[in-house]
Ligand code: NAD
């Protein structure tokens, strides 16, 4: 696959637009999701066309090279901009870091391009955004897409990179019933559970509430494991006790932060906290929860305390920002050993 395909190649004749899907954002999640989606669509009908777009051109090139190696003859192209991707495809999926990137890709790229399309093409265009971002930003973007005569749903995911790779993600969908029905067969190629949470923004509201719990849960598990081992308990014994008691949760029984505490499993702590869900992303999600809670006038004191501590962790140990967020245990341990102060 050539580094950059020409504009006309990407667009193709307008009759091809209906058979084409664009995927914008080929990061840790998007790469795996696009791979599952395209490979299954290709298996279903090999005349389908695929378009990928990323702010880092090498990511799109790498994706295309891998894909054509696996599926020789696949019609896959690189769009250099979201405008190109929108002109090329009737279905557009975005998987970007957060609100600023979605604002830029939709308000500066996708929406103005939709406005310029002939009415029938705009009306047949469907956007799915799987990014975790602010609820009000998602709603404003969906409104802009609707005003440009197209449809959009928010469909953030749960399940992480492992779920993205295995196509077992849960999609939490916000939008109209018609939008949900249109999204379902597409999302089913990348995930297992597809839940209609309510109108536009509802998928994100559900995702943010889930991650509010998760961020606090992982932190308190780190605290309990640190306290228990300080009191002389074997981490494996303590984990086994909690896993079969009322303190049981995903953070202790699956994502345990202490090496060797789960002898039968292999959480990120066994690999120096590599892989998993980055602390920087959890910090972002705790911020999304604080923002939406402030707008709703809803108290989230534990969430705010956890957000402050994740922020301190990333500031004082930037190398933990891209590690799994269970490394908060490592941070707390270091705070204890060095006698540092916790800001939260
Ligand atoms: P990532 O940073 O690995 O990927 C984001 C991709 O978007 C990158 O390839 C980046 O180059 C691209 N991008 C950024 N700005 C762009 C632009 N303007 N135009 C085109 N491409 C652009 O992030 P990720 O881990 O894939 O996460 C994506 C989203 O999924 C985030 O909202 C995250 O919170 C959410 N999420 C992630 C996980 C996880 O385990 N990683 C789990 C659940 C949800």
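The values are calculated or read from the model by the stated rules, or taken from the named source; none is laboratory data. Predicted, not measured: the structure shown is a model, and the values here were computed from it. Neighbour counts are summed over all protein chains in view; Cβ atoms, including those assigned to glycine, are modelled from backbone coordinates with ideal geometry.
Below is a table of values for the structure above.
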quantity	calculated
Hits in region 169-186 (condition: in contact with a helix residue (DSSP H, G or I) (Cβ under 8 Å, 6 or more places away or on another chain) and farther than 19 Å from residue 146 by Cβ)	169, 170, 171, 172
Within region 324-344, tally of residues that are without any contact (Cβ under 8 Å) to a residue 12 or more places away in the chain and either assigned to a helix (DSSP H, G or I) or in contact with a strand residue (DSSP E or B) (Cβ under 7 Å, 6 or more places away or on another chain) (or both)	3
Number of positions in region 157-200 that are within 15 Å of the ligand (Cβ to nearest atom) and assigned to a loop (DSSP other than H, G, I, E, B)	4
Residue 205 in contact with a strand residue (DSSP E or B) (Cβ under 8 Å, 6 or more places away or on another chain), touching a residue at least 24 places away in the same chain (Cβ under 8 Å), buried (at least 16 other Cβ atoms within 10 Å of the Cβ) and part of a helix (DSSP H, G or I)	yes
Flag if residue 192 is farther than 23 Å from residue 268 by Cα, surrounded by fewer than 17 Cβ atoms within 10 Å (Cβ to Cβ) and without any contact (Cβ under 8 Å) to a residue 24 or more places away in the chain	no
Residue identified as away from the ligand (no atom under 14 Å from the Cβ) and not assigned by TED's automatic domain parsing to the domain that holds residue 322 among 34, 60, 45	45
Residues of region 89-116 satisfying the condition of being more than 10 Å from the ligand (Cβ to nearest atom) and not in a helix (DSSP H, G or I)	89, 90, 91, 92, 93
Region 17-31 residues that are farther than 23 Å from residue 166 by Cβ, paired with ones that are within 16 Å of the ligand (Cβ to nearest atom) and assigned to a loop (DSSP other than H, G, I, E, B) (beta carbon under 8 Å, 6 or more apart)	17/89; 20/89; 22/79; 22/89
Scan of region 60-79 for residues that are under 22 Å from the mean Cα position of the chain (by Cα) and either modelled with pLDDT under 95 or surrounded by fewer than 17 Cβ atoms within 10 Å (Cβ to Cβ) (or both), ordered by number	62, 66
Meets criteria (under 21 Å from residue 102 (Cα atoms), away from the ligand (no atom under 12 Å from the Cβ) and more than 17 Å from the chain's Cα centre (by Cα)) for residue 153	no
Any hit, region 67-88, residues being within 16 Å of the ligand (Cβ to nearest atom) and under 21 Å from residue 163 (Cα atoms)	yes
Residues of region 231-262 classified as over 23 Å from residue 279 (Cβ atoms) and touching a residue at least 24 places away in the same chain (Cβ under 8 Å), total	1
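So that you can scan it fast, the table gives a plain yes or no per residue for (1) crowded, with 17+ Cβ neighbours inside 10 Å; (2) more than 30 Å from residue 100 (Cβ to Cβ); (3) in the same structural domain as residue 216 (by TED's automatic domain parsing):
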residue	(1), (2), (3)
237	no, yes, yes
260	no, yes, yes
286	yes, no, yes
297	no, no, yes
305	no, no, yes
312	yes, no, yes
316	no, no, yes
325	yes, no, yes
344	no, no, no
